[in-house]
Amino acid sequence: MADENENENDALQRILQAVPGWDIPPDEVHPLEGGITNLNYFVRRGEARFVLRVGGVGTNLLGIERNREYAISRIAADLGIGAEVYAFLPDHAAMVTHFVDGHGVSAERAAQHDVIRRIMSTVRRYHDGPTFPGTFSVFAVLRSYERLALERGVAFPPSAAVALDHAQAVERALASATDSVPCHNDLLAANFLEDGDTIRLLDWEYAGMGDRFFDLGNFAANQGLDSAGCQALADAYFGKVEPHHLAHLHLMRIMSNLRESFWGFLQSGISSLDFDFLHYAHTHLERVMDDVTGPRIADWQAEAQAP
């Protein structure tokens, strides 16, 4: 363990020395808690404060492209909803952003209807904003994660194949009901930061052009919204909610949980972080199975196709 910590510290020092203008060592550096993909550090240089994020091992296999993340992070900063980028170090899979004063938002608080409205205001700003680099399809991601996990000897339970069959049916149902907009695709409460009147979004590593309803379903899944919460979410985003809006949202809520499950299975085969990825994967898969074996899945598929 000591050797591992020494290696991590040596790597951190090399990255800090590579940041432009940082010839003199920082006054303060310490790890930030949270996150199960990357390593994050708070850095202070005099009065200036920064966050350094270093990509985790094998994160390229998760569909993360660091050049794309850098470009999208700059767009988010220009829109006033992200942290300003200070430096990008592609050789180290690292990025430095200016520290943003604010308060974290818990999943419980993010699920409150008044807070949902504020978050959806931010979401609409980037959905309606400039085009992002890259694309995101949850269905393509599921196929990729399964293939890569199997190549690394990860064992899936039989229910995963059942869930994938349902995902294919959802993909067919939504084929003509989807437009492409800039999406974040990782709307965890941990990625929300309350900065005065604005709720900012952090961590744009999965962002790209995709289905706006994946963002909505992803938010609903991550905050554990019930039916009333999903209705409030759709109300906050659309103003006037149509049945096909809610159906599409619910289908993507299920697909979000399935993405999280397959992400966990793949991470169990590639990540060096101290986290129980298999438990994470099975927990989300159980949520998926509750939905796909329930009475509403067929109705949602039919309703989502209605204009």
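The values are calculated or read from the model by the stated rules, or taken from the named source; none is laboratory data. As the structure is a prediction and not an experimental result, all values here were calculated from the model. Reconstructed Cβ throughout: ideal geometry from the backbone, glycine too, with neighbour counts over all protein chains shown.
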Does the range 220-228 include one or more residues that are outside any loop (DSSP other than H, G, I, E, B), touching a helix residue (DSSP H, G or I) at 6+ places or on another chain (Cβ under 6 Å) and either assigned by TED's automatic domain parsing to the domain that holds Ile75 or surrounded by fewer than 23 Cβ atoms within 10 Å (Cβ to Cβ) (or both)?
no
In the range 173-187, what count of residues is obtained for those that are among the aliphatic types (A, V, I, L, M) and either outside any loop (DSSP other than H, G, I, E, B) or crowded, with 20+ Cβ neighbours inside 10 Å (or both)?
4
For the range 249-280, enumerate the residues that are assigned to a helix (DSSP H, G or I), surrounded by fewer than 21 Cβ atoms within 10 Å (Cβ to Cβ) and not hydrophobic (A, V, I, L, M, F, W, C).
Ser268, Gly269, His279, Tyr280
Restricting to the range 8-58, what's the tally of residues that are acidic (Asp, Glu) and either at positive phi or part of a loop (DSSP other than H, G, I, E, B) (or both)?
4
For the range 265-307, give me the residue count where each residue is β-branched (Val, Ile, Thr) and over 21 Å from the mean Cα position of the chain (by Cα).
3
Could you identify the single residue in Asp203, Asp215 that is crowded, with 24+ Cβ neighbours inside 10 Å, of a type outside the set (S, T, N, Q) and under 15 Å from the mean Cα position of the chain (by Cα)?
Asp215
Would the range 149-163 turn up any residue that is in contact (Cβ under 8 Å) with a residue 12 or more places away in the chain, surrounded by 19 or more Cβ atoms within 10 Å (Cβ to Cβ) and within 23 Å of Gly56 (Cα to Cα)?
yes
Please work out which residue is nearest to Leu201 (Cα to Cα), limiting yourself to the range 87-103 and to residues that are assigned to a strand (DSSP E or B) and touching a residue at least 60 places away in the same chain (Cβ under 8 Å).
His103
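Per-residue answers, yes or no, for (1) among the hydrophobic types (A, V, I, L, M, F, W, C); (2) assigned by TED's automatic domain parsing to the domain that holds Phe50; (3) within 17 Å of Thr37 (Cβ to Cβ):
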position	(1), (2), (3)
Gly80	no, yes, no
Arg109	no, no, no
Val115	yes, no, no
Tyr126	no, no, no
Gly129	no, no, no
Phe136	yes, no, yes
Val141	yes, no, yes
Tyr145	no, no, yes
Leu148	yes, no, yes
Which of the residues that make up the range 170-194 are in contact with an Asp or Glu (Cβ under 7 Å, 6 or more places away or on another chain) and farther than 19 Å from Ile72 by Cβ?
Thr178
Looking at (1) outside the structural domain of Thr59 (by TED's automatic domain parsing); (2) in a loop (DSSP other than H, G, I, E, B), which is the only condition Val170 fails?
(2)
Inspect the range 230-253 for any residue being free of Cβ contacts under 8 Å to residues at least 12 places away in the same chain and in contact with an Asp or Glu (Cβ under 8 Å, 6 or more places away or on another chain) and give the result as yes or no.
yes
Tell me which of these Asn67 doesn't satisfy, since it passes every other one: (1) closer than 30 Å to Thr135 by Cα; (2) surrounded by 12 or more Cβ atoms within 10 Å (Cβ to Cβ).
(2)
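Within the range 180-235, can you find the residues that are farther than 17 Å from Gly102 by Cα and β-branched (Val, Ile, Thr)?
Val181
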